[in-house]
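This report concerns only the one structure given below.
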Ligand code: 13P
């Protein structure tokens, strides 16, 4: 039985440490007194320390939204997995479509990030998903397969087993349009089958595959009821403790 994982991607919002700590406190108060669903929040790097401090002693995990795949060096503006770990972070969102689109991140670079995260004991949340054009062209599975094969290249079955996958159709992110539960389920089932061949049937059965893209209290229960949807990666609706808590409730 896979434990569902609901993670908030705060994106470039709530970067003020005091405001971020207040939101994290709200999340803890409204949803952390249960252990049936894993809960995580991923604030901007500027608020990571404050949110880690706020979440200390609670079951809410804290993660980063990105990392650079070297431990340290002359990489102006970047943050390493080692730094995130030292700060108390325990996961990292990698390969988000916004990073693929705006910062031209390619699968081989994302693969290095996944490896760096694993090397430092961070749980990677590896994001994959097709654009609207790709869906219309009928190449969703091909796109997702390329992203998964690229992002997971060179990893052992055991390492793949430590990763969380987030299926985020790009056309559903921040648009209010979500994939229908049946469409999302079909891609999740495809991903699990592919993980079976990239790792093993046992590992594929254990891996959590989150859905992301306009998940909100109104649609969460139906999406999360699908057989292969094991949680959510939430953008907009994670910025208010009440709506985030309602999604966690839907996962219970
Ligand atoms: P929204 O929930 O705002 O659509 O964002 C989804 C997302 O990109 C999470 O990583």
#### Entry: Meets criteria (in contact (Cβ under 8 Å) with a residue 24 or more places away in the chain and within 15 Å of the ligand (Cβ to nearest atom)) for residue 161
no
### Selection from the stretch 115-139 of residues that are surrounded by 16 or more Cβ atoms within 10 Å (Cβ to Cβ), touching a helix residue (DSSP H, G or I) at 6+ places or on another chain (Cβ under 6 Å) and on the phi < 0 side of the Ramachandran plot
116, 117, 118, 120, 122, 124, 126, 128, 130, 131, 134
### Exclusive hit being within 25 Å of residue 112 (Cα to Cα) and at pLDDT 95 or above, set 226, 147, 185
147
### Task
Answer yes if at least one residue in the stretch 86-104 is closer than 15 Å to residue 68 by Cβ, within 16 Å of the ligand (Cβ to nearest atom) and surrounded by fewer than 18 Cβ atoms within 10 Å (Cβ to Cβ), and no otherwise.
yes
### Query
For the subset of the stretch 31-58 comprising residues that are surrounded by 16 or more Cβ atoms within 10 Å (Cβ to Cβ) and out of contact with any strand residue (DSSP E or B) (no Cβ under 7 Å at 6 or more places or on another chain), which member is modelled with the lowest pLDDT?
58
### Message
Here is a check on your reading of the model: is residue 238 touching a helix residue (DSSP H, G or I) at 6+ places or on another chain (Cβ under 7 Å) and crowded, with 22+ Cβ neighbours inside 10 Å?
### Response
yes
### Query
Is there a residue in the stretch 146-157 that is touching a residue at least 40 places away in the same chain (Cβ under 8 Å) and within 13 Å of the ligand (Cβ to nearest atom)?
no
### Task
Tell me which of these residue 195 doesn't satisfy, since it passes every other one: (1) closer than 27 Å to residue 116 by Cβ; (2) within 15 Å of the chain's Cα centre (by Cα); (3) crowded, with 21+ Cβ neighbours inside 10 Å.
(2)
### residue 141 being within 16 Å of residue 94 (Cα to Cα), out of contact with any strand residue (DSSP E or B) (no Cβ under 8 Å at 6 or more places or on another chain) and either touching a residue at least 12 places away in the same chain (Cβ under 8 Å) or within 15 Å of the ligand (Cβ to nearest atom) (or both)
no
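The values are calculated or read from the model by the stated rules, or taken from the named source; none is laboratory data. Just so it is clear, the model here is predicted, and its values are computed rather than measured. Note that each Cβ is placed from the backbone with ideal geometry, even for glycine, and that neighbours are counted across all protein chains shown.
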